[in-house]
Every structure is written in structure tokens, then in C-alpha cells.
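The values are calculated or read from the model by the stated rules, or taken from the named source; none is laboratory data. Values in this document were obtained by computation on a predicted structure and should not be read as measured data. Virtual Cβ from ideal backbone geometry, glycine too; neighbours counted across all protein chains shown.
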Amino acid sequence: MNAIQAIILAIVEGITEFLPISSTAHMALTSAILGIEKQDFTKLFIENIQFGTIISVLILYWRKFIDFKKLSFYLKLLVAFMPAVVVGLLLKKHIDQVLETPMFLAVVMFLGGILLLFVDGWFNRPVIDKEENITYKNSLVIGIFQLLSIVFPGFSRSAATIIGGMQQKLTRKAAAEFSFFLAVPTLAGAFAKSLWDTWREAPQLLTSHNIQLLALGNLIGFVVAIIAIRAFITFLTKYGFRAFGIYRIVVGLFLIIFLFTGHTLSL
């Protein structure tokens, strides 16, 4: 992987991580288009540039994350985060197997797009517009919805949690923001585990060149994610999910055709 490829992947990660369009699918497709071979460092890079997107949420919502007087905020995130921890550990082998099956990801991408066409109509009577009004039960249900993105890679963590929030009568904006908040422990946990596994099992990957690429990727991802989050909140509040659904259907069909014609994706 060279610097140009690292920058392009980081831009894609920054745009797609918080949008309901599956960053996993887009990173796989981008890697295929760029001709990036499936290597240990490629996987490490894709997993670790999420750190930049985590920082973007902390910067944009810093008042939430440093208000230690409101312990309930952190407890809600913990409650929502726990299902992913438990199921993620139990289904690790399943997840690894699915990620070796690109067609599964493509089909989930397509079907998830169809689902998004109907979400706005299903959940159109929200009553919760602020995080302060979200209950622990709401948080747990949103956390359970997040499991859709774990059991079905390609569904999109953002889509799963925002839909979960809307099902719990959160407004689009409140559901999206809670999804961003929940991304912090979820992505941080995945980042920490990936880095620890690399340090313990493959420290040779942490060369000076690779560390520079990781730093570059995180910086680019951070900047792009800030722009993407702000634009997404505005667009989602005004227009809803339909455009994202159509986009996913088109990309999903493209991926299915792409794979049927003999091409491969590295996941």
C-alpha cells in the first residue's frame, strides 16, 4: 500500500463510517478498484483508521463526553454497547467466515437498501428529541439493533443503530447522534483489540513506514468524518433515508454483478 492508496481509503472510511451505507462494503470495493492486495497490513490499516473517526465524534460532541456530572450518559452508552461485546465474542468465527464471503456482503448491501426505502414511513411519530430523554431500555434496544451489523456484515452499524433509535421513537437527528455516541466505545473496542493483537502476534507490521501510513490515514479520516457527520445530520433531518436506500440498491447490484463476472473483493 502506498500513500495515495492510504489517502483514498481514509477518505472513503471518513465518509462511510457514519452514513447508513456500510463502510465495510465500500472499503472492500475501494481496495479492489485500487488493486490493493489482501495483506495483513491492509486489514490492520482498515481497522485502525477508525481511530480518526472516533476522535471526530469526540471533537464535535466534546461537551457531552466531558460532562462527568451526567453519569447517566456514560451508563446509557455502556448498556447499548454490551450486546455487541457479548455477541461479538460469541460469533467471532461466524463473522470471520462471513467476511470471507463477499457475495454475502453484496446481498446484504442490496437488501439493506430496500429496507431503508421504508424506514421513514414505518417510524414517523417520534417523541424523543434529546439524549437526556433516552431511557436505559431505549439504549438496550438500540444496542440490540446494532447486532444486525455484527451478524450481517454489510448491513451498516450506522443504519442498524439509527433504525433502532427511530423504532424507539427517537427523531432522526436524536437517533443519528446517539448512533455517533455509541460508535465511540464500539469502534474504540475494535481498534484496541486490533492493535493489541498486532502488537502481540505480528509486531513486524508496525514498521516506521506502516506507522506513517496509519497516522496519515487517521488524520485524513478524522477531517473527512467531521465534514461527513455535519452534512449527514442536515441531510437526514431534511430528507430521511430514501436516497441512501436507492444508493445502496445501486451499489449492491453493482457488487453482485462485479462478483458474478469473476472479480474478487478482499475483506
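What the table shows:
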{"quantity": "Criterion: farther than 30 Å from T261 by Cβ and of a type outside the set (D, E, K, R) - qualifying residue of V141, V151", "calculated": "V141"}
{"quantity": "Count of the range 146-181 residues which are of a type in the set (A, V, I, L, M, F, W, C) and in contact with a Ser or Thr (Cβ under 6 Å, 6 or more places away or on another chain)", "calculated": "3"}
{"quantity": "Set L213, L182, L140: member being touching a Gly at 6+ places or on another chain (Cβ under 9 Å) and either not basic (K, R) or not in a helix (DSSP H, G or I) (or both)", "calculated": "L182"}
{"quantity": "F155 vs. criteria within 20 Å of V87 (Cβ to Cβ), within 17 Å of the chain's Cα centre (by Cα), touching a residue at least 60 places away in the same chain (Cβ under 8 Å) and not in a helix (DSSP H, G or I)", "calculated": "yes"}
{"quantity": "Long-range neighbours under 6 Å by Cβ, at least six apart or interchain, first residue modelled with pLDDT of 90 or more within the range 173-200, second among the polar types (S, T, N, Q) and surrounded by 24 or more Cβ atoms within 10 Å (Cβ to Cβ)", "calculated": "S179/S158; S179/T161; L182/T161"}
{"quantity": "Wholly within the range 4-74, helices (runs of 4 or more DSSP H) carrying at least 1 residues that are in contact (Cβ under 8 Å) with a residue 60 or more places away in the chain and within 18 Å of F254 (Cβ to Cβ)", "calculated": "23-34"}
{"quantity": "Tally, over the range 12-28, of residues that are surrounded by fewer than 22 Cβ atoms within 10 Å (Cβ to Cβ) and more than 19 Å from K38 (Cα to Cα)", "calculated": "1"}
{"quantity": "Residue that is out of contact with any Phe, Trp or Tyr (no Cβ under 7 Å at 6 or more places or on another chain), surrounded by 15 or more Cβ atoms within 10 Å (Cβ to Cβ) and of a type in the set (A, V, I, L, M), where the choices are I7, I59, I55", "calculated": "I7"}
{"quantity": "Residue in the range 200-216 that is out of contact with any helix residue (DSSP H, G or I) (no Cβ under 6 Å at 6 or more places or on another chain) and within 19 Å of A25 (Cα to Cα) present", "calculated": "no"}
